[in-house]
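See below for the structure under consideration.
No lab work stands behind these numbers, since they all come straight from the coordinates. All values reported here derive from a predicted model rather than from experimental measurement.
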Amino acid sequence: MPTYAYRAVDPGKSCDRCCQGFEMIQKITESAMTKCPHCKNPVSRILFAPAVVIKGGPMTETDRKIKEYEKEGKWSHAAELADKEAEKTKRKDLKTRALEDYKKAGYNFDKYDTDK
Ligand SMILES: [Zn+2]
């Protein structure tokens, strides 16, 4: 679950905790908090970089394995694994990744397509 940071909208009225800013672990589907849980004064959510990383889906054991293969230059291994996982989880990002890895492994899908 992602961590969100909140900070007091009006530091003059709010408690120490929200003036400094605090973090909350929330589900991505949960709506943003509007009030500090301590002093009930308005807070606003601060967006920060790590939230962007979550976009492609959570990092799984398989993701790590694929990354490892990619790092070692084992493109066909990475592609096969990503392809299999994409079928299983219906994740589009993995399907794209599998295609990219296949290309790096030397497969040329564009060529096959035009040859048909
Ligand atoms: Zn507060």
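Relative to the present Cα-Cα distance, how much length would full extension add between R7 and K95 at 0.36 nm per residue of separation?
Values: separation 88, 0.36 × 88 = 31.68 nm, distance 3.85 nm.
Stretched out fully, the R7 to K95 stretch lengthens by 27.8 nm.
Working out 0.36 nm times the residue gap between S76 and E23, then minus their Cα-Cα distance, what length gain in nm do you get to one decimal?
Values: separation 53, 0.36 × 53 = 19.08 nm, distance 4.09 nm.
Contour length minus Cα-Cα distance gives 15.0 nm.
Would you grab the residues whose amide H sits under 5 Å from the one on K35? Only those 5+ places off in sequence or on another chain, please, with H modelled 1.01 Å from N.
V43
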